[in-house]
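Just below is one structure, and these are the notes that go with it.
The values are calculated or read from the model by the stated rules, or taken from the named source; none is laboratory data. Here the structure is a predicted model, which means the values were calculated and not measured. All Cβ positions, glycine included, derive from the backbone under ideal geometry; neighbour counts span all protein chains shown.
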Amino acid sequence: MNKKLSGLVAVVALVLVALPLIASCAPAKEAPPAAPAAEVKPDAVWFRATCAMTGPYAASLLPMVEATKEAMDYINTERDGIDGVPWKFEILDDGADVAKAIANYEQLKVKEPKCILTSVWHSGTAEALRERFNEDGIICSTCAPSAAGVYPAGNTFPIIVSYADGFGLFCDWLAETQPKPIKLGFCTWDSTMGRAILTDECLNYAKQKGIEIVATELYGVMEMDVSTQLTNLKKAGANWVYTNTLGFGTVVLLKSADALGLVGGEMHFAGCHFAMDNDVNYLAGPRGEGFVGYHTMITWYETDNPVVQERRAAFEAAGRGEEVRSQPWLVFRGWFQLMETIYERAIAEVGWENLDSNALKDQLVQLKDYDAGVTTFTYSADKPEPRHARIVQFKGGKILPITDWRVCPDLRPAEYK
C-alpha cells in the first residue's frame, strides 16, 4: 500500500470514529410547543350585596331582591350565563341601618370565591361605603345615586340617573311646557335621599330656568300625614310641589294632598324616578292622576317593548297581579344584561385569570349608548352615571311617557366637572 492510500484510509477511520461523538454533542431537536392549557373557568360568578329586607324600606326594596334573582335566572337560563358560567347571589338584610349594612359588607367582601360586583340600595349606605369599594377593588351598582355616594368618581356606578340630574330634566320640562309663574315648593323626606336635591346646583338650575323656589318642607320617613307641610307650601304660594321620596313616602304625600282637596286643583305634584314607580301608581289610585316626574326606564304600560311583553307574560303565567308589578323587575333585567355584556367584554380582553374590578371598570367607562332593552346606558370615567331619562305621568291608572328620551342636565357638584 502506497503512502497516499494509507493516509486516506487513516482519515476515513478517524471520521468514522468521530461521527458518533459529534452527534452526541449536537443540540437535541426542539420538541413542538405544547398546546396552551384550556382556560379554567370558575364554577360561578358571585354577586353579594346588603339590602333593607326588613324595616321601613322593605316594601320598596324587597322587590329589588326578587327582581335580582329573576334577572340572574334569565341570564343563566336564556343567555347561558356569563361566558357559560352561571350567576349566583347572596344578599343579607340590613334593615336600612347603615352600621348593620357596613358590617354585612365587611362579612361579604372576604368570602371566597371573591365577588367583584356588589350593590347597595340605600343612600346612607352608598355614601358610607363609597370609598371602601375603591379600596377593596369591588364595583358597586347602586339605585341610590346621591352625589356624595358617587363622587369623587371611583367604583360606584348608579343604575339610574342621579337625583340631581333627574330634577334638572324636570325643571327643563317645567320651564318649557307649563304656564308662568312657576312657584315650586319641596316636600321631601328628611333623609339622605330626600335632601339629595336640595343642593346649590339644583337650586341654581331651577332659578336659571325661571322657577322660583318658595319653600322647603321636610317629613320623616315614618310619617303618615304631611297635611301641615302641604298647608305651609300652599301659604307660601307654591303651585308645584316636588318630592324626592319612594314608594310609601310618595303615597303619603298624595293621600295628604287629596285629603286637603289639592289634587286636581291649582297645586300640581311631581317626583323623582322612584316616586314614579308602579307601586306608587297602584296604591295612590285616582289620587295620583296627573302626577309627573322623570324616569330612567321603560314602564309596564309600554306593551310594544319586548322586555315588557316577556315580563307581563311571566307574571300572568304565575298569577301575579298588578299590585306586585314593581319597576325593579324591568330595571334589573336591563342592568344584569348590561353586566353580562361588561363581564364578557372584560374576559375577552384579560381572560378569566385576570378578571378583576379594574377590568370591569375599564369596560364600563367606555360604555356609550348601550341599549339594554329597558333604557340606554352611557358611562365615563369622570361621570359614572346614566344620562338618559324621560318625563312620565300617571294617567288613567297607567304610567305613560309624555316626552321622548333626553339627556339630563349635568348637575353633579361643580368640583367634579
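Points worth noting:
- All positions within the range 389-399 that are surrounded by fewer than 17 Cβ atoms within 10 Å (Cβ to Cβ) and either touching a Ser or Thr at 6+ places or on another chain (Cβ under 7 Å) or not assigned by TED's automatic domain parsing to the domain that holds P286 (or both): none
- Qualifying strands (runs of 3 or more DSSP E) (wholly inside the range 123-192; at least 2 residues being out of contact with any Pro (no Cβ under 7 Å at 6 or more places or on another chain) and in the same structural domain as I402 (by TED's automatic domain parsing)): 182-189
- Enumeration of residues in the range 70-92 that are out of contact with any strand residue (DSSP E or B) (no Cβ under 7 Å at 6 or more places or on another chain) and either in a helix (DSSP H, G or I) or farther than 13 Å from Y343 by Cβ (or both): E70, A71, D73, Y74, T77, E78
- L338 fulfils the conditions (1) under 18 Å from the mean Cα position of the chain (by Cα); (2) farther than 27 Å from S60 by Cα; (3) in contact (Cβ under 8 Å) with a residue 12 or more places away in the chain except for a single criterion, (2).
- In the range 331-344 there is no residue that is outside the structural domain of F133 (by TED's automatic domain parsing), closer than 21 Å to C140 by Cα and not β-branched (V, I, T).
- In the condition set (1) within 19 Å of the chain's Cα centre (by Cα); (2) surrounded by 20 or more Cβ atoms within 10 Å (Cβ to Cβ); (3) polar (S, T, N, Q), T192 is compliant with all but (2).
- Only residues that are touching a helix residue (DSSP H, G or I) at 6+ places or on another chain (Cβ under 7 Å) and basic (K, R) were counted across the range 77-106, and they come to 1.
- Restricting attention to the range 150-163 and to residues that are farther than 19 Å from P409 by Cβ and not β-branched (V, I, T), the residue that is nearest to the chain's Cα centre (by Cα) turns out to be F157.
- Some residue of the range 329-348 being modelled with pLDDT under 95 and part of a loop (DSSP other than H, G, I, E, B): no
- Candidates are the residues of the range 364-378 that are in contact with a Phe, Trp or Tyr (Cβ under 6 Å, 6 or more places away or on another chain) and outside any strand (DSSP E or B); the one that is surrounded by the fewest Cβ atoms within 10 Å (Cβ to Cβ) is V365.
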